[in-house]
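Report on the structure given below.
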Amino acid sequence: MPIHSSPTGWVLETRNTAYAIGINEVGLLTHRYWGARLPFVDDYPEPFKSTNFASTDGFHHFVPEEYPGYAGTKYIDPCLKVTFADKVRDVVLVYEDFKVTASSSPTLDLRLKDSFYPLHVTLHYRIHEEYDLIERWVTLENLGDEPILVERVFSAKLTLPPGADYSLTHMYGSWSNEFQMQREPLTPGLKVIESRRLISSHRATPWFTIDRNASEENGEVWFGTLAWSGNHKITAEVTEFASTRISIGLNDWDFAWKLMPKQPFVTPAAISGYTQNGFGAASRIFHDYVRDEIIPHGKVLHKILYNSWEATLFSVDEASQSKLAEIAAQMGVELFVMDDGWFHGRNWDNAGLGDWWPDEIKFPNGLTRLTQNVNALGMDFGLWVEPEMVNPDSDLYRAHPDWVIHFPTRARTESRNQLILNMARTDVQEYILGVLDELLADHNIAFIKWDMNRGVSEPGWADAPGDQRELWVRYVQGVYHVWGTLRERHPNVIWQSCASGGGRADFGILQFADQIWTSDNTEATSRLRIQEGYSQFLPANTMEAWVTDWGKETVPLEFRFHVSMCGSLGVGGNLLEWDQADRESAANCISLYKDIRQVIQFGDQFRLISSQKNNFSAMQYLSKDKVEGVLFVFRTHIPERFNIPTIYLRGLEPDALYTVEGFDQPRSGKAWMEAGLTVELKNLQSKVLRISHT
Ligand code: DGJ
């Protein structure tokens, strides 16, 4: 059992790491340790003592309380802030008892309660021993008679070992430029990474790493994420006594929750880990965990899809889509997805959202004939929807103008000519569930791309049963409820999460979606950088990547294919304009991808040379048994006489012999890793080289 309890507290052990908590001499639940697993349970430090330290600010800036409520002289960033019915805004948590539940992922529950008020707080810890991960979440219960207003409730506080010189890495971005890495020293004060947009957002990914001089392959990295698809907040605080702590949870900005008697509130889960093997190992831990434990169809090999969006935009109809499907099938595509434009009144982005039945003019025979055509070509059929949205010019909005998120006295700000249906409302959930259920029941649909194309404005909910500001959470819960129910009713459908590209890429949505549309930016050289950021926390099988015509004047088709082959390959160009040579080249790349996709989608991924930092980059994938691998090499633009960098392979068996395509002699795994290899490329050339155990 990886959970040990003793008079000094609890030690949670995973395969290589440990996390320890204890109760100190004044009864405070404090953090003790987070790092490498130690030989003996008694090796872990005692809880930090409160009485050892004197300061005019009290001990809270130094003593790392495991889950601080806002109270007394705690000027540190607290995890919990509430207002009790009598207006007292001070929460004093005292330890009550604990419970250990044995299972393959055992849990520890630490129960705390307020010293005066009927507020109970349970800290949950689930150990994912094999993955070196700990999942944490919190349950609040009101055991009294009057509501308690919760204004902040984080999922976890994570304390780093005492000391300075930590660096924080996080990802920022914007539409078409997601997952850009930012690494910076942590200095005294509070650094905040957050989303206020109702979705996890392009701007701030709910993910972080903290390191002390780590590299891709070496060094200590503490890392974490929040399994949540709405407003999130990560804060990194260095107090004046060099105590470094991370908070992670729901964003408290504009948030409130009326905690009613006997109606518990459960936070989303924060998942965190520690490794001594650099950023690459941190990513691979998350990749395995996501594939094995989170994604519903995590073990299903993804089909190569074609998506119509960049080819036909809103101008879809039975004939044009059938023609594209024919060419796609000849090239070896396995799944044909019709994107936006197919439903009632949808000729541009200003009308139709909400009316989810086939447009009578574009599809006089409904969708059945098109799906039959696609199936007859040997491909599955997939469809785009954007169920959370409505255009004011739609039958749905005309019937239910009150269903959108709005303040009654304010204009409803449109973005892309659309408003957001309030997914927190049960009538809205039922409507969406009904139309999508019918669509799936009536057609042979194997794949749904679920899009969400705007951030929130005027976040009002006039007839909310509780506090209006519960919208931020109840909306996401509503999306999860609808999506989860549809999954249960249609278990064989593969789902893709899209939010104007990668605006909703997080562990929360991956409980429902099998893959993510990474970015609307399909230009291959920018895409390389976006994909590298994505790989920091999500595996290649979830990363949908299409080959399109964007940049075709300068970037060869083969290069564009190679970039997309680093994830779950798709094609999105206008095939009607591809000549025979293009189609043949595409067919060759697709055939190669079919041979290597098992390794790409389910193997270990190694970022050998960063595309965010270099114009010559390399990415390697290796099967779990280390027998088969693939090396991708890309040169975007470096001046002609510059040296080609040496590439050092990773993860191979040191003493086994391997061949690398294009190199005559087999060499030991150690030689490929230590002496490396070079691949000569000109600007805008790329190569895919297979690695094989001889
Ligand atoms: C935004 C998505 O990211 C695109 O791929 C496409 O589906 C459009 N929406 C359709 O409106």
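No value in this document is a laboratory result; all are computed from the given coordinates. Since the model is a prediction, treat every value here as computed from it, not as a measurement. Here Cβ is always computed from backbone atoms with ideal geometry, including for glycine, and neighbour counts include all displayed protein chains.
Subtracting the Cα-Cα distance from 0.36 nm times the residue separation, let me have the gained length for Arg412 to Asp292 in nm, one decimal. Don't jump to the answer; show the numbers that get you there.
Numbers: separation 120, 0.36 × 120 = 43.20 nm, distance 4.22 nm.
Going from the current span to full extension adds 39.0 nm.
Across the range 644-657, rounded Karplus estimates of 3J(HN,Hα) from the backbone phi angles (6.51 cos²θ - 1.76 cosθ + 1.60, θ = phi - 60°) give 7, x, 7, 10, 9, 5, 9, x, 6, 5, x, 8, 8, 8 Hz, Gly and Pro being marked x. Distance between the modelled labels on Gln665 and Asn683, one decimal in nanometres: 3.5 nm (7 Å Cα→Cβ projection). Residues whose amide H falls under 5 Å from that of Thr17, counting only those 5 or more places apart or on a different chain, are Arg37, with hydrogens built in the peptide plane. Centre-to-centre, using Cα atoms only, the range 504-530 and the range 339-385 are separated by 24 Å. Here's how it looks for Thr30: its modeled amide H is under 5 Å from those of Gly22, Ile23, Asn24, Glu66, which are all 5 or more places away or on a different chain.
Placing unit charges on C-beta atoms (Lys and Arg positive, Asp and Glu negative, everything else neutral), compute the dipole magnitude of the range 324-442 about its Cα centre in debye, rounded to 20. Walk me through the numbers before you get to the answer.
Values: 8 positive and 20 negative charges, 66 e Å.
So the dipole magnitude of the range 324-442 works out to roughly 320 debye.
Label separation (Glu96 vs Asp437): 3.8 nm, computed from points 7 Å beyond Cα along the C-beta direction.
Give me the lysines in straight-line cross-link reach of Lys594: C-alpha distance below 28 Å, same-chain residues under 8 apart excluded. Excluding near neighbours in sequence, the set is Lys299, Lys303, Lys323, Lys449, Lys552, Lys624, Lys626, Lys682, Lys687.
Taking the Cβ-Cβ separation of Asn614 and Leu190 as r and a Förster radius of 35 Å, what is the calculated FRET efficiency to the nearest 0.05? Provide the component values of the computation, followed by the final result.
Working: r = 33 Å, r/R0 = 0.94.
Between Asn614 and Leu190 the formula returns 0.60.
Roughly how many whole Å is it from the C-alpha centroid of the range 542-613 to that of the range 177-253? When both Cα centres are located, 31 Å separates them. For the pair the range 423-452 and the range 272-302, the centres of their Cα atoms are 29 angstrom apart. Just want the answer: with Cβ charges of +1 for Lys and Arg and -1 for Asp and Glu, which residue in Ala156, Thr409, Thr371 is farthest toward the dipole's positive end in the chain? My answer, from the dipole projection, is Ala156. Magnitude of the charge dipole for the chain, about its Cα centre and with charges confined to Cβ atoms of Lys, Arg (+1) and Asp, Glu (-1), is about 920 debye.
Put simply, the amide H of Ser155, placed in the peptide plane, has neighbours under 5 Å in Ile248, Gly249, Leu250, leaving out anything fewer than 5 places away on its chain.
Quick one: length gained pulling Ser6 to Ser320 fully straight, 0.36 nm per residue minus the C-alpha distance? Provide the component values of the computation, followed by the final result.
Details: separation 314, 0.36 × 314 = 113.04 nm, distance 6.92 nm.
Once the chain is fully extended between Ser6 and Ser320, it gains 106.1 nm.
For the residue pairs Lys74/Lys113; Lys74/Lys99; Lys99/Lys233, the C-alpha atoms sit more than 24 angstrom apart in Lys74/Lys99; Lys99/Lys233.
Which whole-number percent gives the relative contact order of the range 3-294, counting Cα pairs below 8 Å spaced six or more residues apart? Numbers along the way, then the final one.
Details: 769 pairs, mean separation 48.7, N = 292.
Averaging sequence separation for qualifying contacts and normalising by length gives 17 percent for the range 3-294.
Zone of Arg15 (label point 7 Å along Cα→Cβ, backbone N under 13 Å): which residues in the range 117-139? Label zone hits: 128-133.
Using alpha-carbon pairs under 8 Å, 6+ residues apart, how would you state the relative contact order of the range 609-693 in percent? Display every interim value, and only then the final one.
On the way: 161 pairs, mean separation 29.8, N = 85.
With pairs under 8 Å counted, the relative contact order is 35 percent.
Note: relative contact order over the chain, using C-alpha pairs below 8 Å and six or more positions apart, is 10 percent.
Each of His124, Pro147, Pro68 was scored by the projection of its Cα onto the charge dipole of the chain, and the greatest displacement toward the positive side belongs to Pro68; charges sit on the C-beta of Lys, Arg, Asp and Glu. In this Cβ point-charge picture (+1 for Lys and Arg, -1 for Asp and Glu), the range 148-281 has a dipole of about 560 debye about its Cα centre.
Could you list Arg597, Arg111 so that the one with the fewest beta carbons within 10 Å of its beta carbon is first and the one with the most is last? If you can, show how the numbers build up before the last one.
Numbers: Arg597 23, Arg111 15.
The fewest-first ordering by Cβ neighbours comes to Arg111, Arg597.
Projecting the Cα atoms of Ile448, Gln429, Thr235 onto the charge dipole of the chain, computed from C-beta unit charges around the Cα centre, puts Thr235 farthest toward the positive end.
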